[in-house]
Every structure is written in structure tokens, then in C-alpha cells.
Amino acid sequence: MEEEQRTQGSGLAIGALVTGILAFLLAVVPCVGIIAIVPAIIAIVLAIVGLSRTGNSQGMLVGGLVVGIIALLISISQSFIIGKIADKSDGWANNIEQAVKDITDDIEKEFGDNEVTIRVDTGDESVEIKASAKKEHLESKLDELEGTKDTVETEPEK
């Protein structure tokens with residue numbers, strides 16, 4: 001009977017230590033460390049149950065308990081850090097959005113109403129491409145494509 005209790009106690013010690021080490025390894029990985037809360041709690045519970053019984057290997061149980069507690073503390077600290085980053089992140093998004101708007105406005109002021117002409121000459125042939133970025137021209141072209149503007153011109157009756 002005593003041999004059976006030692007084997008069971010030894011199993012608790014090994015389980016607590018292995019689960020504690022697993023929890024610690026998960027806890028030190030950034031952004032994944034939050035998952036380590038579950039195995040850390042399991043390691044702590046196994047170690048406490050093992051320590052409450054007599055005749056168990058105290059060293060492995062204490063090791064599992066200590067590693068489990070350290071893993072739990074690291075995991076909890078990561079969750080607080082991620083929470084603080086999430087609280088501050090909405091300001092970053094607004095700043096980025098404002099920067100994009102400012103850049104768009106600057107580009108519009110600089111190049112908004114200009115025409116671009118590209119001319120390619122090769123010997124006897126030449127190709128000319130004209131592009132207009134004038135708002136009025138683009139709006140009328142958009143209206144024409146959407147069909148809100150009459151594209152069919154009728155000849156006046158004689």
C-alpha cells in the first residue's frame with residue numbers, strides 16, 4: 001500500500017514539474033504567454049495536492065510549484081501589458097489616419113489640377129498620351145460612366 005502511494009505521489013510530482021515547465025516555456029513567448037495561465041494553474045494545483053500528502057518527493061513538487069507560480073506571474077504580466085498597449089493603440093490609429101489625410105491633401109494641392117503628357121518618339125512614329133487629373137473632368141467622366149448624364153446627343157430638328 002505504501003509503495004502504491006509513493007508511485008502516485010511521484011506521478012503528481014512529475015506531472016507538476018512537467019506541466020510547470022511547459023507553462024513556463026509558453027509564458028516566455030510574447031503574445032502566446034497568455035495561454036500559459038491554464039497549465040500554470042494545473043501545475044500549481046498538482047504540486048499543492050502532492051505536498052499535502054505525506055511521503056512524496058518534496059523536491060520535485062516544490063520545483064513544480066515554483067515554476068508554475070513563475071509561469072503564472074509572467075502570463076498575468078503579459079496580459080496586463082497587452083491590455084495597456086490596446087488602450088493606447090486607438091491614438092495610433094487616429095494619428096495614422098490623420099497623416100494619410102494630410103498627405104492626400106498635400107498631393108491634391110500639388111498635382112490636383114495638372115495635365116500630364118507623355119510623348120514617345122521612335123524614328124518615324126510618335127505616341128502621345130495625355131492624362132488629366134482635373135476634378136471637373138473626372139466628375140463629368142464619372143457621371144457619364146454612371147449614366148446620370150445624357151451621353152446621346154440629339155441633332156436639332158430642321
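We did not get these values from a lab; they are worked out from the coordinates using the rules stated. All values reported here derive from a predicted model rather than from experimental measurement. Please note: Cβ atoms are built from the backbone with ideal geometry, for glycine as well, and neighbour counts cover all protein chains shown.
How do the peptides 28-34, 39-45, 82-88, 119-125 rank, highest first, by the average count of neighbouring beta carbon atoms within 10 Å per residue? Present the calculation step by step, with values, prior to reporting the outcome.
Numbers: 28-34: 13.9, 39-45: 21.6, 82-88: 10.1, 119-125: 7.3.
Per-residue Cβ counts within 10 Å, averaged per peptide and sorted highest first, yield 39-45, 28-34, 82-88, 119-125.
Spelling out what I want: for every residue of the stretch 70-85, take phi, set θ = phi - 60°, compute 6.51 cos²θ - 1.76 cosθ + 1.60 (Karplus), and round to whole Hz; glycine and proline get x.
Couplings: 4, 4, 5, 5, 5, 5, 5, 5, 5, 5, 5, 5, 5, x, 5, 5 Hz.
Evaluate the distance, in nm, between pseudo-label points positioned 7 Å from the Cα of Val49 and of Thr104 along their respective Cα→Cβ axes.
Between Val49 and Thr104, the label points sit 5.9 nm apart.
Extending each Cα 7 Å along its Cβ direction at Phe80 and Ser10, get the distance between those two points in nm, one decimal.
4.1 nm
Under the Karplus relation 6.51 cos²θ - 1.76 cosθ + 1.60, θ = phi - 60°, what is the ordered set of whole-Hz ³J(HN,Hα) values for the stretch 38-47, x standing for Gly and Pro?
These are the phi-based 3J(HN,Hα) values: 5, x, 5, 5, 4, 4, 5, 5, 4, 5 Hz.
Order by neighbour count: Phe24, Phe80, fewest other Cβ atoms within 10 Å first, most last. Spell out each step's value before the answer.
On the way: Phe24 23, Phe80 9.
Exposure proxy ranking, most exposed first: Phe80, Phe24.
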